[in-house]
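Following: one structure in C-alpha cells, then a few remarks.
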Amino acid sequence: MDFLFILNSALLGVGLAMDAFSVSLANGLHEPQMAKKRMCGIAGVYAFFQYAMPMIGWICVHTIVELFSVFEKAIPWIALVLLLYIGGKMLLEGIREKDKKTETTDRHHLSGKDLLVQGIATSIDALSVGFTIADYNFRLANLAAAIIAGVTFGICIGGLEIGKKAGTRLTWKASVLGGCILIAIGIEIFLKGLLKA
C-alpha cells in the first residue's frame with residue numbers, strides 16, 4: 001500500500017460520492033432542523049452503501065462474473081426508478097405545503113425506508129467499481145472501499161449542512177427543489193448508463 005493507492009481510492013470516493021452529496025443537499029433542504037446525530041446517521045447510510053457496493057462488485061468479479069454483467073445493464077434503470085419515486089414524493093410534499101399556505105420549517109422527516117432507497121440508488125453504480133479494483137486482494141479491496149466510504153461520509157455531512165442552511169430560507173420551496181434535484185440525479189445516472197452501453 002502506498003500514497004498513490006490512497007489517493008486513487010480517495011479520488012474514486014469523491015467521484016462516487018457526488019450523487020450522495022446531491023441527495024444529502026436535497027435532504028438538508030427538506031429538513032432544515034435536522035440534528036447532528038441524524039445527519040451522521042444519514043451520511044453513515046450513504047457511506048455504508050458506498051463501501052458495500054464496490055465490495056459486492058469485487059466479490060461478483062471473483063465469483064459470478066457472468067451474472068453480474070447481465071445485472072450491470074439494469075443499474076441505470078434501477079437508479080432512475082428509485083430516485084424518481086423519492087424525488088416525486090418530495091416534490092408532491094412541497095407542493096402540498098405550498099397549497100396549505102403554511103410557512104413552517106417543521107418538515108416531514110426522511111423515513112428509514114426512503115433513506116435505504118436513496119442509499120441504494122446513489123451507490124448502485126459503485127457496483128461496477130468492483131471491476132476497477134478486481135486486481136486487488138481482499139484486504140486492499142476492503143481498504144479501498146473503506147476509504148471511499150470515509151470520503152462519502154465527509155462529503156454527505158457537507159451536503160446536509162449546506163442544504164440545512166439554504167432550507168431554512170426557502171420554506172416549502174426547499175422540498176420542491178430537493179425533489180427536482182433527486183429526479184435530475186436519477187435521469188443523469190440513467191443517461192450516463194445508456195451512454196456507457
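Bear in mind that the values in this text are calculations on the coordinates, not laboratory data. Computed from a predicted structure; not experimentally measured.
Quick rundown of the values:
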{"item": "Hz values of 3J(HN,Hα) by residue in the stretch 52-60 - Karplus curve (6.51, -1.76, 1.60), Gly and Pro given as x", "result": "5, 4, x, 5, 4, x, 4, 4, 4"}
{"item": "Hz values of 3J(HN,Hα) by residue in the stretch 76-90 - Karplus curve (6.51, -1.76, 1.60), Gly and Pro given as x", "result": "x, 5, 4, 4, 4, 4, 4, 6, 5, 4, 5, x, x, 5, 5"}
{"item": "Above-threshold pairs, the threshold being 27 Å between Cα atoms, out of LYS165/LYS196; LYS37/LYS89; LYS36/LYS73; LYS73/LYS165; LYS73/LYS113; LYS164/LYS192", "result": "LYS165/LYS196; LYS36/LYS73; LYS73/LYS165; LYS164/LYS192"}
{"item": "Karplus-derived HN-Hα couplings along the stretch 135-143 (A = 6.51, B = -1.76, C = 1.60, θ = phi - 60°), whole Hz, x at Gly and Pro", "result": "6, 6, 6, 4, 4, 5, 4, 5, 5"}
